[in-house]
Amino acid sequence: MKKWKILPGMAQKGILSNGTVYYPYLVACIFAAFTYFVFSSIINNDLIRTLPHAAYAWIFLEIGRWLLGVILLIFLSYANSFLIKHRKKEIGLYSLLGLEKKHIGVMLFLETVFLYVIAMAGGILLGMVLAKLLFLLLLRLSNMPIEAEFVFMPKAFKSTLIYFAILFLFNYACQLWELRKIQPIELFSGSRKGEKEPRLLWLWSILGMAALCAGYSIAVRAKVDSMIFSNFFLAVFWVIVGTNLLFTFGIVAFLKLLRRKKGTYYKAKNFITVSGMYYRMKKSAASLVNICIFSTMVIITLTCTISLYIGIEDVVRFAYPYDYVADFDMGSLEYEKVQAQAEEIAQRYDARVKRVDVFDFRKFSCAKEENRFMPATDNVPFSDRYSLHFLTLKDYERLTGETEILSENQVMIYTTGPEFGYDTVEFLGLSGVVKREAEELFPFPRADKESMNTEYVVIVNDRAERDVFVKAYAEWAGVEDLEAFLKAGGQKAGVYFGGSEEAVERAAADFAIWCQGQQGFSACKDGIALRADQRSMYGGLLFIGIIFGLIFFMCLIIIMYYKQVSEGFEDRGSFEIMQKVGMSDKEIKGTVHRQILLVFALPLVGAMAHTAAGMFMVDRLMAVLSFFNTRLVLTSALCISLGFALVYGISYLMTAKTYYKIVKM
């Protein structure tokens, strides 16, 4: 009975006396509870469902919360493994002093309860203080009204408490599993088991390099097509496999080579560092791989987030260049009439007309092979389809203000993607000689690179030449009423206002009413509303990117800290022997710094290499979002990499001090 009474005190003392490892774990749990509670508070708040343009933000937050749950489960379970590993010797001593495994299990359960209560209290309290601020940040990033009042919902508290109760119970079950499978004498020996040299060292090292090269090759050669997302996950898979193999086997192979160089290996400053790393590299590999992967994730996540935040206006303007654009039956409107009406409306609301366009168009969804276009059938995926427009020379000159002369069978061509690059263009067996490629053509913004649904515009002399291509399509499609089909083309009328936000919105709304009242009106797009929807969608992505960037960085710091603390306790006995045989404090400090610097440098070098190769894939993925500013992406990546390296270096200095204090105890 006395044993049961002392267990709560032992649980409390176990946490306090092992503060070196428990306090960082507790801080990580509090931060994890805080982030999960914030996500839950925003998602479960009825306000987020009623705000204009908030649907996309809510969807991304819901997805983000599920991803967050998975990441936190993996990370906190990983951190929990360090706790039980560090306590093995202490628990082994309890066993030898008479405590049974059931007593130790209860003590660990009480510790789990104490940690859970503290983590929930700290995380939820911090969330209640900062949730409204983060909610306002989400509204600001999503361009939604920031006057909205934030109210906490009981569901947020409930979901947070339940999720972390499950997570802590899972970690407790892992601790019991460790207790069940290890004998007391093994617990007492703790982590003093030696490591054998990995088998097939060079074979696995070569396979690791091959896997890494395969991942890099996929990333560098990726194209914006139907395989872009599968290629992304395939590249990530091979990079992780290659990183794992190289850190587990490749580094050991490299250290083995150093040992063979007697002149280098038997120097005092190298001997301890190389030999120490050689015999525990396999054990350290998992930590180093995680540090490398999390470092890469932090850099790439922040690069995408910052680039998108800076360039979001370019993205939304690329997708919706007009404030309002309407479709009409062919020939329903005259340019002069639309121009006059837009000017009148602009004056009414103290706005100005920046651009008015009226033009006829025929548009076909096509598959493309070199310079040949064929109408896309149902089995052609969306990402492999191209929009092919036929535009008359008269409309081209009005849109661009340029003057051009085309002879018989000559055409001009314009593309929103990379240059067309052919002397002729073919459509269903008909061909035209390309006189030149146009450089600019509003409202078809140029990306200068591959993108989803690249648009091509073929400029022909007049409507008669355009109808030749239209007839060819009608014959291919089996159209019966050819005359009606020729008249069934469309006409677009688009306007782009300038002035204050309110003036532009009111002018565009009035112009929309006028268009809808005109004869031949068929469809419309409210560019202002659609741009607001996109800002909301990307704002939700930005918010998640910021939060996940912080989470990845927290995971990285905790893993780095635990790795060095764990190895510090393991190395303490070795350094005591070194002091006894005559090593000075200066020599020990030098050995510590060299060992930690090497351990820290390897994941950083790996992360920088992964980031450099990953930028090719990132550039393609950003193109899917209609973001084409490669220079901004690369500049952001460079600045973030330098900033990350600086913070990483500071972490190295702090970790070296902690490690040195432990080995000097």
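The values are calculated or read from the model by the stated rules, or taken from the named source; none is laboratory data. Everything numeric here is computed off the predicted structure, so don't read it as measured data. Using ideal geometry, Cβ is built from the backbone for each residue, glycine included, and neighbour counts are taken over all protein chains shown. Areas reflect the complete protein model, heavy atoms only, side chains present, ligands, DNA and RNA absent. Shrake-Rupley method; radii C 1.70, N 1.55, O 1.52, S 1.80 Å.
For the stretch 48-66, does any single residue satisfy the condition of being under 25 Å from the mean Cα position of the chain (by Cα), modelled with pLDDT of 75 or more and not charged (D, E, K, R)?
Scanning the stretch 48-66, I find at least one residue that is under 25 Å from the mean Cα position of the chain (by Cα), modelled with pLDDT of 75 or more and not charged (D, E, K, R), so the answer is yes.
Keeping to the stretch 391-408, report how many residues are of a type outside the set (S, T, N, Q) and more than 17 Å from GLY331 (Cα to Cα).
Residues of the stretch 391-408 of a type outside the set (S, T, N, Q): 391, 393-399, 401-402, 404-406, 408.
Filter again for more than 17 Å from GLY331 (Cα to Cα), leaving 397, 401-402, 404-406, 408.
Residues that pass the stated criteria total 7.
Within the stretch 185-205, how many residues are modelled with pLDDT of 80 or more and surrounded by 14 or more Cβ atoms within 10 Å (Cβ to Cβ)?
2
Yes or no: SER332 of a type in the set (S, T, N, Q) and part of a loop (DSSP other than H, G, I, E, B)?
Yes; evaluated as a whole, the condition is true for this residue.
Would you please name the residue that is nearest to GLN516 (Cα to Cα), looking only at residues in the stretch 322-348 that are of a type in the set (Phe, Trp, Tyr) and crowded, with 20+ Cβ neighbours inside 10 Å?
PHE328
Could you check how many residues of the stretch 371-429 are charged (D, E, K, R) and either part of a strand (DSSP E or B) or on the phi > 0 side of the Ramachandran plot (or both)?
Adding up the residues that qualify gives 2.
Step by step: first the residues of the stretch 382-413, then only those that are without any contact (Cβ under 8 Å) to a residue 60 or more places away in the chain and open to solvent by less than 20 Å² (accessible area, probe 1.4 Å), then the one that is nearest to VAL460 (Cα to Cα). Which residue is that?
Per the criteria, the residue is VAL411.
When residues of the stretch 456-514 are filtered for being among the hydroxyl-bearing types (Ser, Thr, Tyr), touching a Ser or Thr at 6+ places or on another chain (Cβ under 7 Å) and surrounded by fewer than 18 Cβ atoms within 10 Å (Cβ to Cβ), how many remain?
Total satisfying the criteria: 0.
Going by the conditions given, is VAL298 farther than 21 Å from TYR648 by Cβ, open to solvent by less than 10 Å² (accessible area, probe 1.4 Å), modelled with pLDDT of 80 or more and among the hydrophobic types (A, V, I, L, M, F, W, C)?
No: the conditions fail for VAL298.
Any chance you could count how many residues in the stretch 510-550 are in a helix (DSSP H, G or I), of a type in the set (D, E, K, R) and within 30 Å of ILE310 (Cβ to Cβ)?
Selection size over the stretch 510-550: 3.
Looking at (1) in a strand (DSSP E or B); (2) within 29 Å of LYS354 (Cβ to Cβ), which is the only condition LEU441 fails?
(1)
Going through the stretch 313-361 one residue at a time, which ones are within 20 Å of TYR473 (Cβ to Cβ) and modelled with pLDDT of 85 or more? Give the steps one after another, and end with the answer.
Kept after step one, since they are within 20 Å of TYR473 (Cβ to Cβ), are these residues of the stretch 313-361: 327, 329-331, 359-361.
Selection gives ASP327, PHE359, ASP360.
A quick yes/no check of all residues on (1) outside any helix (DSSP H, G or I); (2) open to solvent by 80 Å² or more (accessible area, probe 1.4 Å); (3) at pLDDT below 65:
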{"residue": "ARG87", "(1), (2), (3)": "no, no, no"}
{"residue": "GLY92", "(1), (2), (3)": "no, no, no"}
{"residue": "MET120", "(1), (2), (3)": "no, no, no"}
{"residue": "LYS132", "(1), (2), (3)": "no, yes, no"}
{"residue": "PHE152", "(1), (2), (3)": "yes, no, no"}
{"residue": "LYS155", "(1), (2), (3)": "no, yes, no"}
{"residue": "LYS158", "(1), (2), (3)": "no, yes, no"}
{"residue": "PHE164", "(1), (2), (3)": "no, no, no"}
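Looking at (1) modelled with pLDDT of 80 or more; (2) open to solvent by 20 Å² or more (accessible area, probe 1.4 Å); (3) among the hydroxyl-bearing types (Ser, Thr, Tyr), find the lone condition where TYR25 falls short.
Result: TYR25 passes all but (2).
Before we move on, is SER451 at pLDDT below 80 and among the small types (Gly, Ala, Ser)?
In short, yes.
Keeping to the stretch 492-509, report how many residues are closer than 18 Å to ALA340 by Cβ and either touching a Cys at 6+ places or on another chain (Cβ under 6 Å) or not in a strand (DSSP E or B) (or both).
Matching residues across the stretch 492-509 total 2.
Go through the stretch 101-118 and report how many residues are modelled with pLDDT of 80 or more and open to solvent by 60 Å² or more (accessible area, probe 1.4 Å).
Matching residues across the stretch 101-118 total 4.
The rows are residues; the columns are (1) aromatic (Phe, Trp, Tyr); (2) surrounded by 15 or more Cβ atoms within 10 Å (Cβ to Cβ); (3) at pLDDT below 70.
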{"position": "GLY590", "(1), (2), (3)": "no, yes, yes"}
{"position": "LEU604", "(1), (2), (3)": "no, yes, no"}
{"position": "HIS610", "(1), (2), (3)": "no, yes, no"}
{"position": "MET615", "(1), (2), (3)": "no, yes, no"}
{"position": "ARG631", "(1), (2), (3)": "no, no, no"}
{"position": "ALA637", "(1), (2), (3)": "no, yes, no"}
{"position": "PHE644", "(1), (2), (3)": "yes, yes, no"}
{"position": "ILE662", "(1), (2), (3)": "no, yes, yes"}
{"position": "MET665", "(1), (2), (3)": "no, no, yes"}
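Is it the case that LYS435 is open to solvent by less than 70 Å² (accessible area, probe 1.4 Å), in contact (Cβ under 8 Å) with a residue 24 or more places away in the chain and of a type in the set (Lys, Arg)?
For LYS435, the condition - open to solvent by less than 70 Å² (accessible area, probe 1.4 Å), in contact (Cβ under 8 Å) with a residue 24 or more places away in the chain and of a type in the set (Lys, Arg) - is not met.
Determine, yes or no, whether VAL315 is in a strand (DSSP E or B), open to solvent by less than 70 Å² (accessible area, probe 1.4 Å) and touching a residue at least 24 places away in the same chain (Cβ under 8 Å).
Working: in a strand (DSSP E or B): no; open to solvent by less than 70 Å² (accessible area, probe 1.4 Å): yes; touching a residue at least 24 places away in the same chain (Cβ under 8 Å): yes.
No; evaluated as a whole, the condition is false for this residue.
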